[in-house]
Each structure stands twice: as structure tokens, then as C-alpha cells.
């Protein structure tokens, strides 16, 4: 049956409307899709191009070359030298164990180094190069190159390695570098990205650590194209970093090497300071160690040998070691009394060999006593009783304050590790630290540098320099950075009465140059070079009344660790002070016997810039000194780099 005309027209209109709606929806969808495509491909093209580039291109850090360290005359003390190493890329090697077995037939491999490399491979990406042999010889490198087809993933490389050409002479000053550890990273709030480079080396102790920010430099960067797995395909461009700054120390390498040789066989330390500006010309501890052992990781055997040595070769005794200063402190007690006007140079005290204070007997080192002594004779003969008497009059507060003025009890700002503050005790300090009241006996002990009083060899050298100059001399170890001279520290007057200082200097002159002086055996007889000084002996054990009654046991008859420390401080020339010297010989016995001869020899080396003429020594010493100079010359090392001597 045929549909009516009206129904057909209505149906047609309905279909046309639906088609229009559907077409409109499709057109809107296509329009939206086109707009979105325009937004992504045109409007946002730059952003997505950048994202694509970042996904394809990596930025990698280029480590800078480390700054080098020189002595005051430009002699290299810490250098960077080419270092050949062999690396393995795990994903290229395939069977790493088999490849390393083949490599071991070509070159000698250290088992510890290989084990360390294998552990590093397990925690590193497979495409990263891992060092399996470091500091290899050129011949070994050549053999690896020749056998390259049989050693997949093995590549010889050239880098820079830290070398200390003077070996042990500067170990306690320079310290050493080593790979960054987790402990190093934990200490920093915002560590430099350089520190995250595998095996990147930083200063661990000494100047290397304290001047790390100067020596490290700034890293560069390179853009490399990588594939989907992260392997480098090619290098696109690079921006080199900024090398670390070169640092020049105030140390004189010739003098430092001599001092180190002169201390050979002792557990001792010596500091030589320029009186005029505080420059440290030598700062030596013995025994010492070779810092080159630490650069790539010291072996367990070598490290144990250092830590188990009772003479503590790893300790920088010049700044870390603190000792009772003994009689070298008597100048401080005397200066405190002189400045307070409590004594005159001719006032005398009777020394019967002891002094009773608060019911306790304090003994002089000379059992029979010194009789009547004034300031000059008391220092010359090192009479203890004279200073006991002064201490009761002056009191500990003024004594400690005077010690601070002369640089004791002060942590001096030198770029070395664990610089000690020492101790100049006060009443408040004892109450705070020990919960006890200060006693007059404590003051008596402190007056001769015993009891709680403690000082480092560096502080004793500062004290001697300030006595010699009357100025606030401060130690300086860094002379220049990249050729720019660093400021001299301190230098202003101590504000002390010059007449009082002259009295102390004259008394110190007599200690060494008067026949009755405790340091007479180590005098200098060269005109214009004579020195002023003070011997010191500090006890490390208590002497009982019973032992005193039967006679105090000689140091030679005691075990080494129970013997007294030997000390000596001096400056020279007396008429025109140039150098101040401090020597501490641990458990060396008497200062006049063990420390003073070292100080005399070191002072002459500094004054003459090398071996002094034998005429500077007393006649009776010349044959011995001639032989000593010959022996010391033979054991002073020349700087050596890759087999070449450096003058």
C-alpha cells in the first residue's frame, strides 16, 4: 500500500534533520581535532621539541683539573700527572668474569682492586665504565690495546692522578685526596654534583681538605646523544670547566725536608715561624707516612701498620698534639708578675729545693735548691720555686690571661686538620668542667706549665715569636692563591711594657749563652746568629714521696711512654729576631738534652738557608755535626715524579 504524500515528506524532513545534526557533530569533532592538532603541532611545537630533545640528549659533567700546591719558592708539593687506567663496560664485555680472566693474562691485576670493581659494577648501570686497574704502566696499556679484539668491553684511558713528589715530608701539612665517600656526602647540606661522579677525589685531611673549595674548581658539561638504553652514541658539544686554583704555601721545602730528616727516629714535632710576618717555614711531625698510599685507597695491611704504631704517625703533632709546656711557660708567669708590678728584676726568692703551699710541698727540679735567685737567674737555671712564689702572688686568672696574649689557649686559624685549642685554665673553667673549686696548688702547678696547662708546638712557636717581637704575630700557612698574595694576619703591638719584654729576652739569652744556663750545651757561637731560648721538661707521671726519698728514677730507666716530654723554644738572631722555633720530643726526657740540640740545628739551617758552617757550632761538637750533616743529606729525599728528580 502506497504511503500518503504527507507522511513521505515528514519522513524526509526527519532524515534530513538527523543527517544535519550528525554532520554537525562530525564537523565539530573534526574541527576540535584540527584545533588540537594545531595547538600541539604549531602553538606548542617549541615545548614538545624541547621535551623530545631532552629525551634524546643528556647533559654530563666534566670534572675539572685540581689545583696544584707549591712551596714559597714555587717548588711543586702536590701535582696532577697523567695516569693510565683500564676500564670495563659491563654490557659490552658480555661475560665479565671471562674477560677479566683474559685481561689478567695480559697485565697484572690487583685482587682487591678487581673485587672493588666487581662490587661497583653490580650497583652501577651496565653502560658505565668501571676502573679495574689504575696507574698502570705505558707498556701494560700498550699490551691491552694490541689485544683489544680478544678483550671486548675493555678500554685503556688516560686521566689525571694526584701525586705528592716529596712523599712523607708534607704528609701532615698537605694531607691527601681520596674518593668521595657516603660520609663525605652526609656532611654537606647541598653537595656539588661533581661529588657524585664515581671515584671523584676530594681532600680528606690537611690543606687538601681545608682548601678544598679553592683546589676543586668548577665542573664543565658536555651534551651527548644517547639511545633508548642510555648508551652514549656521540658527543654533540662541550663546555670545559674551570680548573682549581693553585695554592702557594709559606713552607720552604728545603727547610721542611731537613727538619723531617732531623726528627728521624723520634716521636716529635717542630715548628719554624718567621717572627716578622708569621709565615710558617716548616711544620713537621715525626714519624710520618706517605700520602701517595691513600690517593687510590690504602691497603688494609699498610693502614694497620700506621694505626698500630705507638708513635702515632698519622697524627699531626704540631697542631693536634697538646702537652704540658713545662718550663717553657715560665716566661708567661714572669710577664704576668712584671706587668702587674708585683716584682722587680732584682727581687730575690730563696729556693731550698721546695716550697710549702697550703700544707703541700712543691719540689724544685734541683733537689738541693738554687739558693737566692732573681728573675734572670731563675729563668737561666730554670728554678721552679721562684715561679711557685710568683704564682701565689699573681693568681691563675692573670697568668691565664697573659698566656692568651702570647697565643696559648687560642685555636689558630691555619688550614690543617684538627687544630687544637690547648688549655689555659681558670677558676670558672674548673668549676664548669670538673665541678670542683680551684685550689692554690693548681695555680702553683700551672706556673711552671704543669697541671691543667696544655699547649701545642704551634702555640709555643707563636709564643716565642711574640716574645721576640712584642707584636701579635699570627701564623700564616697560605702565601698566595693563583698568584694573589694573601694578607698577613695580626702584627699589632701586644701592648706590653717594652722594658719587661727586654728583661725576658735577656734572661732567655742567658739560658743558652751563659755557662750556668740550662741550654748552654746547644748554643750558637756565630756572631750575629746567637739565639735566645728556654728549655722545658714536662712530667707525664706522678712522683711519689717514697720515690723522692730514695731518689727519682731516671728517664732512661723508665719505659718510653712514662718518660718526660722534652721541649725547647727559641728565636734568633737575638739582636734582630728573624725566626722562632718550637720543638717537642715526646717522652724524650730533658729538654736540654733531647729538644734543644734539634732546635739549634733547625735554627741554623733557617738562618743560613742550608747547612751552616761548622764554625757556627762549639768546637767540641764540630766532628759530630759534620757526620750528622752527611747522614742527613743522604736521607733527605728529592722530589720525584715519574722517575725524574725535581730540584
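The values are calculated or read from the model by the stated rules, or taken from the named source; none is laboratory data. Just so it is clear, the structure is predicted and the values come from calculations on it, not from any experiment. Cβ coordinates were reconstructed from backbone atoms using ideal geometry, including for glycine residues, and neighbour counts include every protein chain displayed.
Taking region 589-600 as the range and being surrounded by 24 or more Cβ atoms within 10 Å (Cβ to Cβ) and farther than 11 Å from residue 534 by Cα as the test, the residues that pass are 594, 600. Only residues that are under 19 Å from residue 172 (Cα atoms), touching a helix residue (DSSP H, G or I) at 6+ places or on another chain (Cβ under 9 Å) and free of Cβ contacts under 8 Å to residues at least 40 places away in the same chain were counted across region 196-221, and they come to 2. Only one of the numbered conditions (1) modelled with pLDDT under 95; (2) closer than 22 Å to residue 408 by Cα is not met by residue 317, and that is (1).
Yes or no, residue by residue, for (1) closer than 27 Å to residue 153 by Cα; (2) part of a strand (DSSP E or B):
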position: 208; (1), (2): no, no
position: 221; (1), (2): yes, yes
position: 255; (1), (2): no, no
position: 266; (1), (2): no, no
position: 284; (1), (2): no, yes
position: 288; (1), (2): no, no
position: 298; (1), (2): no, no
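In the set (1) under 30 Å from residue 286 (Cα atoms); (2) buried (at least 16 other Cβ atoms within 10 Å of the Cβ); (3) touching a helix residue (DSSP H, G or I) at 6+ places or on another chain (Cβ under 8 Å), the condition left unmet by residue 555 is number (3). As a summary of the residue check, residue 134 satisfies the conditions (1) in contact with a strand residue (DSSP E or B) (Cβ under 6 Å, 6 or more places away or on another chain); (2) modelled with pLDDT of 80 or more; (3) buried (at least 16 other Cβ atoms within 10 Å of the Cβ) except for the one numbered (2).
None of 567, 607 is surrounded by fewer than 24 Cβ atoms within 10 Å (Cβ to Cβ) and assigned by TED's automatic domain parsing to the domain that holds residue 453 except 607. Please verify whether region 286-299 includes one or more residues that are more than 30 Å from residue 133 (Cβ to Cβ) and either in contact (Cβ under 8 Å) with a residue 12 or more places away in the chain or crowded, with 20+ Cβ neighbours inside 10 Å (or both). Yes - at least one qualifying residue is present in region 286-299. Going residue by residue through region 327-343, is there one that turns out to be in a strand (DSSP E or B), modelled with pLDDT of 95 or more, touching a strand residue (DSSP E or B) at 6+ places or on another chain (Cβ under 6 Å) and surrounded by 15 or more Cβ atoms within 10 Å (Cβ to Cβ)? Scanning region 327-343, I find no residue that is in a strand (DSSP E or B), modelled with pLDDT of 95 or more, touching a strand residue (DSSP E or B) at 6+ places or on another chain (Cβ under 6 Å) and surrounded by 15 or more Cβ atoms within 10 Å (Cβ to Cβ), so the answer is no.
Among the candidates 538, 493, single out the residue that is touching a strand residue (DSSP E or B) at 6+ places or on another chain (Cβ under 8 Å) and either loosely packed, with under 13 Cβ neighbours inside 10 Å or not assigned by TED's automatic domain parsing to the domain that holds residue 450 (or both). Talk me through it step by step, then tell me what you get.
On the way: 538 fails: either loosely packed, with under 13 Cβ neighbours inside 10 Å or not assigned by TED's automatic domain parsing to the domain that holds residue 450 (or both).
The match here is 493.
Restricting the first member to region 488-504 and to residues that are under 20 Å from residue 533 (Cβ atoms), and the second to residues that are at pLDDT 95 or above and in a strand (DSSP E or B), the beta-carbon pairs closer than 6 Å and six or more apart or on different chains are 494/472. Scanning region 367-396 for residues that are over 13 Å from residue 333 (Cα atoms) and not in a loop (DSSP other than H, G, I, E, B) gives 371, 372, 373, 376, 377, 380.
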